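The values are calculated or read from the model by the stated rules, or taken from the named source; none is laboratory data. None of these values were measured; they are calculated from a predicted model. With ideal geometry, Cβ positions are generated from the backbone for all residues, glycine too; neighbour counts draw on all protein chains shown.
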Amino acid sequence: MTGEDRPTAAQLKQELGRELQKKRYNRALRNTVSVLIVVAAAAVLIAVFFLSVLRVRGDSMSPNLDEGDLVAAVKTTGFAPGDIIAFYYGHSILLKRVIGSAGDMINIDDEGNVYVNGVMLEEPYLTEKHKGEYTDIVYPYQVPEKRYFVLGDNRKDSIDSRSLEVGPISTDQVVGKVLFRIWPLGK
């Protein structure tokens, strides 16, 4: 090898700099991919075990929730009257408001006033009270063990626990409690 074929010190230094830069780039790429995988796994775990994002279908919860709204439901137990829950019904997930739980006596008068254990329920979320078109249960109605009595906010058109078709919701059917609306942002 002659002196002309050998790289100069400047060329060696430049090549070493390129190799170091390549190693830093590869390390940064690996770290970024690792972080993305961990974040994606965490998001999946949160969605599966803690929080569900659901799209509202139908108008049984209007005017408070409209068709197409996105809501977040957290998996929890023990619901209070007024809480909106998501639950499985057939091959769908429905959203309705909890009115009573196991052992409660539910009564709805002809004007649509709801009574739980003899006390009229305050329902500031309603724009119109209605006994319902799809009611075939006999009042007063006692909610069975491990079940919830639920009603839609659009009482005139909601098929809910007033109908034997839906009936009281089993705790096993519950997906979670709706915490907040995600979309649209303006509501």
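Test Arg155 against the stated conditions and say whether it is among the basic types (Lys, Arg) and part of a loop (DSSP other than H, G, I, E, B).
On the way: among the basic types (Lys, Arg): yes; part of a loop (DSSP other than H, G, I, E, B): yes.
So Arg155 fits the description; yes.
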Original post:
Any idea which of (1) closer than 30 Å to Glu122 by Cα; (2) without any contact (Cβ under 8 Å) to a residue 24 or more places away in the chain is the one Leu20 doesn't satisfy?
Top reply: (1)
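Name the single residue that is nearest to Ala86 (Cα to Cα) among those in the stretch 127-152 being among the basic types (Lys, Arg) and assigned to a loop (DSSP other than H, G, I, E, B). Walk me through it before giving the result.
Step one: filter the stretch 127-152 for residues among the basic types (Lys, Arg), giving 129, 131, 146-147.
Then drop every residue that is not assigned to a loop (DSSP other than H, G, I, E, B), which leaves 129, 131, 146.
On the way: Lys129: 22, Lys131: 22, Lys146: 16 Å.
Checked the stretch 127-152; the qualifying residue nearest to Ala86 (Cα to Cα) is Lys146.
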Original post:
How many of the residues making up the stretch 154-172 are in contact with a strand residue (DSSP E or B) (Cβ under 6 Å, 6 or more places away or on another chain) and closer than 13 Å to Gly90 by Cβ?
Top reply: 1
Original post:
Just checking, which of Ser34, Ser60 is among the polar types (S, T, N, Q), surrounded by 10 or more Cβ atoms within 10 Å (Cβ to Cβ) and outside any loop (DSSP other than H, G, I, E, B)?
Top reply: Ser34
**OP:** Have a look at Ser92, Ser62 and point out the one that is within 19 Å of Asn154 (Cα to Cα) and either touching a helix residue (DSSP H, G or I) at 6+ places or on another chain (Cβ under 7 Å) or in contact (Cβ under 8 Å) with a residue 40 or more places away in the chain (or both).
**Re:** Ser62
**OP:** Provide a single number: the residues in the stretch 101-114 that are outside any loop (DSSP other than H, G, I, E, B) and over 18 Å from Ser158 (Cα atoms).
**Re:** 2
Subject >> Residue under evaluation Val98, criteria (1) free of Cβ contacts under 8 Å to residues at least 60 places away in the same chain; (2) in a loop (DSSP other than H, G, I, E, B); (3) within 14 Å of Gly176 (Cα to Cα), criterion not met >> reply: (2)
Original post:
Just one of Lys129, Lys75 is surrounded by 13 or more Cβ atoms within 10 Å (Cβ to Cβ) and without any contact (Cβ under 8 Å) to a residue 40 or more places away in the chain; which is it?
Top reply: Lys129
Original post:
Which one of these is modelled with pLDDT under 95 and either in a helix (DSSP H, G or I) or surrounded by fewer than 13 Cβ atoms within 10 Å (Cβ to Cβ) (or both): Pro81, Pro124?
Top reply: Pro124
